[in-house]
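**Q** Pasting a structure here, questions to come.
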Amino acid sequence: MAHHKLETPLTEDAVRALRLEDTVSITGIIFGIRDATQIRIFDQGIAPPCDLSGGVCLHTAPGVRKLADGRYEKLSIGTTTSTRMDRFTEPLMEQYGVRAIVGKGGLLAGSVRAMQRLGGVYLAITGGAAALETLQIEEITDVWWEDLMPECLWRFRVRDFGPLIVAIDAHGNSLFDRVKAEAAARIREFSFD
């Protein structure tokens, strides 16, 4: 297990160097996305208004306040559960070059295979860590599709965002699958046959 300090945009080589249970901190740009954003991109066929190549996408719908000058002030930027957005993982990577998803709760087998094939990772963050996340986001630099508020497409500038745990790596390994298998094995030990 190693710690990696990464800067965005991420390269495929940098992502493939990460192993399950390594930790990561990120400096640079992270894009905030959620259900409505991805529905617009994939179900409605509207391309993102920014370049996501090498990008890190955070599953979030942040709490913000709009200032008089039109910028947004961060109030609370936490992470939401990823599983319900699983169907968007492969196309985000394949069509737009996204390299990492940050979320909680994990992704399903199809996303694990896509990350292995395309060179992506799922970085888990501890649920309830919104206060820490908010501090590590230095600025909201851009927001698109404000009609989807708060599920807009956000661009955040971050410094040492993390620590994040490599919960799905680019080699087909999933921490979530490992934990499920270990739990099932322990349950079998307590069989009442």
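**Q** Take residue 159 and tell me if it is of a type in the set (Lys, Arg) and at pLDDT 95 or above. Give the derivation first.
**A** On the way: of a type in the set (Lys, Arg): yes; at pLDDT 95 or above: yes.
Yes; evaluated as a whole, the condition is true for this residue.
**Q** What tally of residues in segment 139-162 results from selecting those that are loosely packed, with under 14 Cβ neighbours inside 10 Å and under 19 Å from residue 5 (Cα atoms)?
**A** Total satisfying the criteria: 2.
**Q** Which one is surrounded by the fewest Cβ atoms within 10 Å (Cβ to Cβ), of the residues in segment 17-41 that are among the basic types (Lys, Arg) and over 16 Å from the mean Cα position of the chain (by Cα)?
**A** 19
**Q** Next question. So the check is Cβ under 8 Å with 6+ separation or different chains; which pairs have a first residue in segment 40-54 that's farther than 14 Å from residue 154 by Cα and a second one that's of a type in the set (D, E, K, R) and assigned to a loop (DSSP other than H, G, I, E, B)?
**A** 54/99
**Q** Now for a different question. Taking segment 36-63 on its own, how many of its residues are within 13 Å of residue 150 (Cβ to Cβ) and in contact with a Leu (Cβ under 6 Å, 6 or more places away or on another chain)?
**A** Final tally of qualifying residues: 3.
**Q** Could I ask something else about it? Search segment 137-151 for residues that are under 10 Å from residue 37 (Cβ atoms) and pair each with any residue that is among the acidic types (Asp, Glu) and modelled with pLDDT of 95 or more when their beta-carbon atoms are under 7 Å apart and the residues are at least 6 apart or on different chains.
**A** 151/35
**Q** Next up: Only one of (1) closer than 24 Å to residue 177 by Cβ; (2) at pLDDT below 95; (3) surrounded by fewer than 21 Cβ atoms within 10 Å (Cβ to Cβ) fails for residue 82. Which number is that?
**A** With (1) closer than 24 Å to residue 177 by Cβ; (2) at pLDDT below 95; (3) surrounded by fewer than 21 Cβ atoms within 10 Å (Cβ to Cβ) applied to residue 82, the lone miss is (3).
**Q** For residue 97, state whether it is farther than 25 Å from residue 35 by Cβ and either basic (Lys, Arg) or at pLDDT 95 or above (or both).
**A** On the way: farther than 25 Å from residue 35 by Cβ: no; either basic (Lys, Arg) or at pLDDT 95 or above (or both): yes.
Taking the combined requirement at face value, the residue does not satisfy it.
**Q** Would you point out the residue of segment 110-135, among those that are in contact with a strand residue (DSSP E or B) (Cβ under 8 Å, 6 or more places away or on another chain) and surrounded by fewer than 20 Cβ atoms within 10 Å (Cβ to Cβ), that is farthest from residue 92 (Cα to Cα)?
**A** Here is the first cut: in segment 110-135, the residues in contact with a strand residue (DSSP E or B) (Cβ under 8 Å, 6 or more places away or on another chain) are 111-112, 115, 120-127, 130-131, 133-134.
Restricting the remaining residues to those that are surrounded by fewer than 20 Cβ atoms within 10 Å (Cβ to Cβ) gives 126-127, 130-131, 134.
On the way: 126: 23, 127: 23, 130: 24, 131: 27, 134: 24 Å.
Looking at the filtered set, the residue picked out is 131.
**Q** Which fully enclosed strands (runs of 3 or more DSSP E) of segment 42-157 have 3 or more residues being more than 16 Å from the chain's Cα centre (by Cα) and not hydrophobic (A, V, I, L, M, F, W, C)? Spell out how you get there, then give the answer.
**A** Numbers: elements: 56-59, 63-66, 72-76, 100-103, 121-124, 137-144.
Passing ranges, in order: 63-66, 72-76, 137-144.
The values are calculated or read from the model by the stated rules, or taken from the named source; none is laboratory data. Note that the structure is a prediction, hence the values are computed from the model and not measured. In this analysis, Cβ positions are derived from the backbone assuming ideal geometry, glycine residues included, and neighbour counts consider all displayed protein chains.
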